[in-house]
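To start, the structure under review is shown below, and the notes come after it.
The values are calculated or read from the model by the stated rules, or taken from the named source; none is laboratory data. From a predicted model like this one, the values you see are computed outputs, not experimental measurements. Counting neighbours? That spans all protein chains shown, and the Cβs are built from the backbone with ideal geometry, glycine included.
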Amino acid sequence: MEEKEENIGSLKINEGVEHPPSINPLVLGKTTRKKKKKYSVEEYVSGIISGNTTILSQAITLIESSLPEHYDMSQEIIERCLPAASGSIRIGITGVPGAGKSTFIESFGLYAAGQGRKLAVLAVDPSSSNTKGSILGDKTRMEKLSIHPHAFIRPSPSAGTLGGVARKTRESIILCEAAGFDTIFVETVGVGQSETAVRSMVDFFLLLMLAGAGDEIQGIKRGIIEMADLIAITKADGQNIIPAENAKVMFRNALNLFPDPQSGWKPLVLTCSALQGTGIAEIWRIINDYAEFTRKTGYFDKARKQQALLRMHETINEYLTGSFYNNEKVKALLPDIEKELHEGNMTSYKAALILLNKYFEK
């Protein structure tokens, strides 16, 4: 009877397995996720100066934040780190698509670290148009350099900033220098007229070009050569050695068409191969020669002071823009103005004037 009760007809009922919860236990509070420690300004500053890269990363995240409540704290951290931020060489690195910027930076960075330098790489990724987040992930493209004890890699989304330079890159440079990094690489998204933004925050500007890809003339058209202190023709190995040498001659001739830069330094051209390591040592030597030359002439310090002035004006523009769009009256009026503009009932000029008058209204 017991067996018949367990087997009803041809249907046998087996004990099932317990299904996992449909809601993440983290949400239900069954387990707790470890929260990041919130540091005071004093803890941030002491941690950065002592070379703690974890605190350095969190400090950079803080200064990159667009939240108004983070602004005052981040500015105080920067001000207190500023006296310790000196003695470095800042190198901007840009290049045409396919030139192998990340491969070059890893090879070049490993060489610099091997020379006893402490290297920080501020790699500005292209931003996702939807999330504004980084989409390349430079740490995954620089595996050896990312685990080197004397290297620090910080990818940041460009978030649409002109020239592909993250909005707070200058402040990140100051924090890295205060942490003891004496060599700063700023890698940018690509080349264009807006790369003057890179030139305005570094001491040395390195342009990476690729032979035989049709980019040589484009580089000349865009005026990038005018800003370069050194042009390196990459991937000069294998069957590409001869095209690279031809490109070197062409760029040298092109440089003669431009006026001498304010630094008094004559820009150079060479070939290199990040995979084979050829030309890497020579590039490092040229950068050191440039730093020594411009320090003797006084241009090095003069350029740094000009960059500080430029940053002041940019900060004013950023602050005013933020203040404008965070104004409650402007935020309340903006949707209606945008609707009128979309429907063609108002010109862009009039729309801007209405919003500005509302902002300055007492």
Search the stretch 174-200 for residues being closer than 26 Å to TYR111 by Cα and surrounded by fewer than 21 Cβ atoms within 10 Å (Cβ to Cβ), and hand back the single one that is modelled with the lowest pLDDT. GLY190
Mind checking which residues of the stretch 49-85 are assigned to a helix (DSSP H, G or I), over 21 Å from ILE147 (Cβ atoms) and of a type in the set (A, V, I, L, M, F, W, C)? ILE49, ALA59, LEU62, ILE63, MET73, ILE77, ILE78, CYS81, LEU82, ALA84
Conditions (1) crowded, with 23+ Cβ neighbours inside 10 Å; (2) more than 23 Å from ASN52 (Cβ to Cβ); (3) at pLDDT below 90; number of the one not met by ASP138: (2)
Which of the residues spanning the stretch 347-362 are exposed (fewer than 10 other Cβ atoms within 10 Å of the Cβ) and under 34 Å from the mean Cα position of the chain (by Cα)? SER348, TYR349
Out of the residues in the stretch 37-48 that are part of a helix (DSSP H, G or I) and not polar (S, T, N, Q), state the one that is surrounded by the most Cβ atoms within 10 Å (Cβ to Cβ). ILE48
Could you tell me which numbered condition ILE316 fails, if it satisfies all but one of (1) of a type in the set (Val, Ile, Thr); (2) loosely packed, with under 11 Cβ neighbours inside 10 Å; (3) closer than 30 Å to PHE108 by Cα? (3)
